[in-house]
Amino acid sequence: MFIRNAWYVAAWADEIGEAPLPRRICNEPIVLYRDAQNRVSALLDMCCHRGAPLHMGKVVEQGLQCGYHGLIFDRSGACVSVPGQDRILPRTQVRSFPVVEQDAFVWIWMGDPAKADPAQIVPWPYHNDQTNWPHRHTMYPIKAAAMLMVDNLMDLTHLGYVHTSTIGGNPSQHVEAKMETERTPLGLKFTRWMLNSVAPPTYVKAVGFQGRIDRCQRFEFVAPGSVLQWTGAAEVGTYRDGDTSDSKLQFRLFHGLTPETETSCFYFWSSANGFRQDDPTATQQLFDQVGAAFLEDKAVVEAQQARLAELGEGGLVDIVTDAARLHMRRTAQRLLAEEQPPQAFAAA
Ligand code: FES
Ligand SMILES: [Fe+2]
């Protein structure tokens, strides 16, 4: 089951060019395309004539043309042209999904279109600010449930075990990190302080730290699948009073987890360089290092998914450092429950 009345990242805006892009989201086959006016649209990827996938067609002046017998659909999903036929029956249409292009993303609403409010989309203006936050972005397909990836981001004690060669540091610092947590209507925010700690290899590469450093990470989870991250570091002693304005290293990461099926998802992520903004190699290096770390997450979470599928979740136990993760899960459960019709709940 998926939360449907919510905005998900469907694609990076630059993924959608002239060719229609097929993508399964919340287990529904979707086709994304850009029309002649440069507007992105999303339709169910199945022609209402004989069921051919619409992504096999092409974009024409009036909309998206099915590649089988040439029906054309506009962005509302209405058929606007049937070859060899003047009158078009009103039910000659396919389902359309609300989409919004914003901050280099294409967001999609998978639920009741009447409830789709673009004001609820998570803003990430840094993607438009190449001067202060030059960034790079990509998408990793993950063979695991989206929620397992969000779990991964909510419990950063894994950094000291999974990411020792990149963004890690040593395990005890992560376990002992001081956490400040704040609940929000759609999730939670937390800050982790790791003062007087070992500089991870990525940080040393980025700004040449020598010796120990103060580290701070601020995370926000916004249901159902966005995790916003700011990370900073400075010479040891700088963060003593809780002030991070004098960071030597800072970067922002956006994590967008979108379900493909119950057991697979898309990991849209970006890294924005806030420390050597006029140096493109620094932006690239950060992206490469973060990308390498996320492949480490992908490997462990995909293996976890395979084991859970095989043996189930029955015997799993929670530990103290799961607190943020558990709150995240409760928020997601609440939103899911709010969407279910009462009779479906009673039946369950
Ligand atoms: S299946 Fe699409 S036009 Fe026939
Ligand atoms: Fe990780």
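Just so it is clear, none of the values below were taken in a lab; they were calculated from the coordinates. Keep in mind the model is a prediction, meaning the values are calculated, not measured. Reconstructed Cβ throughout: ideal geometry from the backbone, glycine too, with neighbour counts over all protein chains shown.
The phi torsions of segment 248-258, fed into the Karplus equation with coefficients 6.51, -1.76 and 1.60 and a -60° offset, translate into couplings of 7, 10, 8, 8, 10, 10, 10, 10, x, 10, 10 Hz, rounded to whole numbers, with Gly and Pro shown as x.
Cβ crowding within 10 Å ranks Cys79, Cys48 as Cys48, Cys79, fewest other Cβ atoms first. Within the chain, helices built from complete DSSP H runs that reach 24 Å or longer along their own axis (Cα positions) and carry a mean Kyte-Doolittle hydropathy of -1.0 or higher are 280-311, 323-339.
3J(HN,Hα) along segment 264-269, derived from phi through the Karplus expression 6.51 cos²θ - 1.76 cosθ + 1.60 where θ = phi - 60°, amounts to 8, 8, 10, 10, 8, 9 Hz, with x in place of Gly and Pro. Restriction of the GluC sites (Glu not before Pro) in segment 242-348 to DSSP coil positions whose beta-carbon has at most 15 other beta-carbons within 10 angstrom yields Glu262, Glu313. Remark: spin-label model distance Asn170-Gln333 equals 3.7 nm, labels positioned 7 Å along the Cα→Cβ axis.
Filter the trypsin sites (Lys or Arg not before Pro) in segment 1-56 to those in DSSP coil with at most 13 other Cβ atoms within 10 Å of their Cβ, and list the result.
Sparse-neighbourhood loop trypsin sites (Lys or Arg not before Pro): Arg39, Arg50.
For segment 1-62, the list of GluC sites (Glu not before Pro) that fall in a loop by DSSP and count at most 13 other C-beta atoms within 10 angstrom reads Glu18, Glu61.
Think of it this way: in the chain, Cys26, Cys48, Cys79, Cys216, Cys265 stand alone, with no other Cys Cβ under 4.7 Å.
Measuring nothing but how far apart in sequence close Cα pairs (under 8 Å, 6+ apart) lie, relative to its length, segment 125-338 scores a relative contact order of 26 percent.
The distance from the alpha carbon centre of segment 1-30 to that of segment 109-186 is 19 Å, rounded to a whole number.
Neighbour counts of C-beta atoms inside 10 Å place Trp107, Trp12, Trp124 in the sequence Trp12, Trp124, Trp107, starting with the fewest. Ordering Met110, Met147 from the fewest to the most neighbouring beta carbons within 10 Å gives Met147, Met110.
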